[in-house]
Amino acid sequence: MNEDKAIFAPVDPAKAGLRGRCPRCGEGKLFSGYLTTAPRCSHCGLDYTFIDSGDGPAVFVILIIGFVVCALALWMEVSLNPPLWVHFLLWIPLIFILSLPLLRMLKGLMIGLQYKNRAAEGRLERND
Ligand SMILES: [Zn+2]
């Protein structure tokens, strides 16, 4: 990540990230598509090429939504014992309904935390 020399008031990475806002100014849009990040902030001009959230948001979504949906499905199976088609009819749409917004929010959060903590790929530096 390039050294950030611009001076802005500190932005809470959780607030900005969950709202899909720029991690530096908290105003510009972070995403140009649903999950596609914009090339730069429209408000402060921060270059977003440092962004590398990788598979992190998807892993958290799988773990969180998987726990919630499995717990609900198990509870329903044990207490109501519905036919199998009821499970498919309920849980598959619920997975999509819960996962898609959470994926965007967690991607924004991870980008905000990456910016705040200056997280980047490891490099070996030489002191010559
Ligand atoms: Zn910005």
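The values are calculated or read from the model by the stated rules, or taken from the named source; none is laboratory data. All of these numbers come straight from a predicted model, not from anything done at the bench. In this analysis, Cβ positions are derived from the backbone assuming ideal geometry, glycine residues included, and neighbour counts consider all displayed protein chains.
In the set (1) within 12 Å of the ligand (Cβ to nearest atom); (2) of a type in the set (G, A, S); (3) in a helix (DSSP H, G or I); (4) surrounded by fewer than 15 Cβ atoms within 10 Å (Cβ to Cβ), the condition left unmet by A14 is number (1).
Kindly indicate the residue of segment 22-60 that is of a type in the set (G, A, S) and over 20 Å from P101 (Cα atoms) and also surrounded by the fewest Cβ atoms within 10 Å (Cβ to Cβ) among those meeting that condition. Lay out the reasoning, then the answer.
Pass one, segment 22-60, residues of a type in the set (G, A, S): 26, 28, 32-33, 38, 42, 45, 53-54, 56, 58.
Pick out the ones that are also over 20 Å from P101 (Cα atoms) and you get 42, 45.
Values: S42: 15, G45: 12.
Checked segment 22-60; the qualifying residue surrounded by the fewest Cβ atoms within 10 Å (Cβ to Cβ) is G45.
For segment 78-122, a residue qualifies if it is free of Cβ contacts under 8 Å to residues at least 12 places away in the same chain and not in a helix (DSSP H, G or I), and the qualifying residues are N81, P82, P83, N117, A119, G122. All of (1) more than 9 Å from the ligand (Cβ to nearest atom); (2) modelled with pLDDT under 90 hold for D47 with one exception: (2).
Test E125 against the stated conditions and say whether it is among the acidic types (D, E) and outside any helix (DSSP H, G or I).
Values: among the acidic types (D, E): yes; outside any helix (DSSP H, G or I): yes.
Judged against the criteria, E125 is a match.
May I ask you to verify whether C41 is in contact with a Gly (Cβ under 6 Å, 6 or more places away or on another chain) and either among the aliphatic types (A, V, I, L, M) or closer than 12 Å to G108 by Cβ (or both)? No; evaluated as a whole, the condition is false for this residue.
When only residues in segment 50-77 that are β-branched (V, I, T) and either on the phi > 0 side of the Ramachandran plot or without any contact (Cβ under 8 Å) to a residue 12 or more places away in the chain (or both) count, which is farthest from the ligand (Cβ to nearest atom)? Selected residue: I62.
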